[in-house]
Structure formats: structure tokens, C-alpha cells
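Below: the structure, in C-alpha cells.
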């Protein structure tokens, strides 16, 4: 597990609420984070076409498309960890009746959890999420 989704969602929510371009320093201040870390996540969101940027003295960041067209699942997929519930580093004993099958059953479980999570996040737009703040 990692903390990237809450950071990306915070950034996206702030951009949704903004009137115009937003500086990374403002975003960092709201999140009480180092601006370098915020810009790193902004770069990822730009790469995934959820955020746009404008350089220069009056530059900043904005949503790349309307909040009603962005789902929380789309935001999550930009930062999705490989295994949401973690991964074991050891290889089970193939002679054990449980050990020889555990990884395939865990993989199926993880697929089911991932599908359920994406379905839930996919049913909520950034605009819907933003409505909780007003």
C-alpha cells in the first residue's frame, strides 16, 4: 500500500475547486507537503492526461478536462500499486498442499478486490466527490 492515491485525489480536488491555474506551492501548502513531491505527482497526472500545465511566471496547473468527465477510478489507475494488499517475498513450498496453490488463489482474490474497487471508484466522478466539500 502507498499514499499516492490520497495525494493525487487531493491535488485533483483542489484543481477542481480552483478558478484558473493553480501553483504547485499552493497545492503543497494545502497538503502540508513539500512542493517537489507535489510536482512529482502532478507530472504523473499530466502524463496520464488528467492535468494540464502552463509554464511561466503566471503558469500553474488545471484539470485537463471537466471534473464531470473524470472518475475516481481514472485517478486511482494513475497511481495504482501492483498489489493493493501487498505481496509476499517468499516462495511457498511446492510440496505443501496449501503452498503449491496459495499464489494462484491469492491472485484471483486480488483480481476480485481490484475489480470491486475500480467499480466503486468508477461510479464516482471528481465533480461528485467535490460536491462533498460545498
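Points to keep in mind about this one:
- FRET E, pair residue 103, residue 19, Förster distance 41 Å, beta-carbon r, rounded to 0.05: 0.25
- Mean projected area in nm² (Cα convex hull; one quarter of hull surface) for the chain: 9.7
- The distance separating the Cα centre of the range 36-56 from that of the range 1-34 comes to 10 Å.
- Value at 222 nm in deg cm²/dmol, rounded to 500, when DSSP H runs of n ≥ 4 in the chain each add -39,500 (n - 2.57): -16500 deg cm²/dmol
- Nearest 10 degrees, 0 to 90: helix 4-17 Cα axis against the chain principal axis: 30
- Percentage of interatomic Cα-Cα distances in the range 26-100 larger than 21 Å: 48
- Normalised contact order of the range 29-116, rounded percent, pairs of Cα under 8 Å and 6 or more residues apart: 16
Bear in mind these aren't lab numbers, they're just calculated from the coordinates by the rules spelled out. Every value quoted in this text rests on a predicted model; they were computed, and no experiment measured them. Here Cβ is always computed from backbone atoms with ideal geometry, including for glycine, and neighbour counts include all displayed protein chains.
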